[in-house]
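**Student:** Pasting a structure here, questions to come.
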Amino acid sequence: MSSLRHDDEEVDFDEEGERGGGDITSSLDPEGHPPPSSSSSYPPRALKKRKSEGQTSLHVKGRGHRSQEERGEGGRPPSFEVLGGEGGGEGGAAKSIEGWVIMVTGLHEEAQEDEVVDRFGEFGEVRNVQMNLDRRTGFVKGYALVEFTLRKEAEAAIEGMEGEEMYGKDVRVDWAFMQEASGR
């Protein structure tokens, strides 16, 4: 009571050599590598050609493949000229793109942005205030970034608000961005 007709063929896939089975080592090259795919060849043709001509070096482009001359002395990157600016270049505060940013830490978790703007606005024009919130609780993480237009306003805010109390907690105030001293 077979469902096969007399012209149908029964196939046994367990038999080696039939329908792709068998020894897979027969498709490997003498060194044991699989044959290259038709879309790419390894090693690159340029390298094969150079090896056949006796040249073994290959110039490779990309990160980390620079010559000794390009790297500088002792493998270190070349030094760059430092430009002096409003920051002075002698270490200390560094100006951000649009102004002078100070970091206020020790804020109470229920501190409000308008309260921070009011308190720091006594020292000059506050351009921006960034207070990050904890996603889980929705409360302030305990710090804020306050941006002033002028350096003297930011300095006055640091001196005036350092150790002051906001919402029952003492706050700490300092520059958000610092630059290294240029004495290398």
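**Student:** Charges at C-beta only: +1 for Lys and Arg, -1 for Asp and Glu. How large is the resulting dipole of the range 91-162 about its Cα centre, in Debye rounded to 20?
**Tutor:** 360
**Student:** Could you give the spread of the C-alpha atoms of the range 91-162 along their three principal axes, from largest to smallest, in whole angstroms?
**Tutor:** Taking max minus min along each principal axis of the Cα atoms, the range 91-162 gives 36, 23, 19 Å.
Bear in mind that the values in this text are calculations on the coordinates, not laboratory data. Note that the coordinates shown come from a computational prediction; the quantities given were computed from them, not determined experimentally. With ideal geometry, Cβ positions are generated from the backbone for all residues, glycine too; neighbour counts draw on all protein chains shown.
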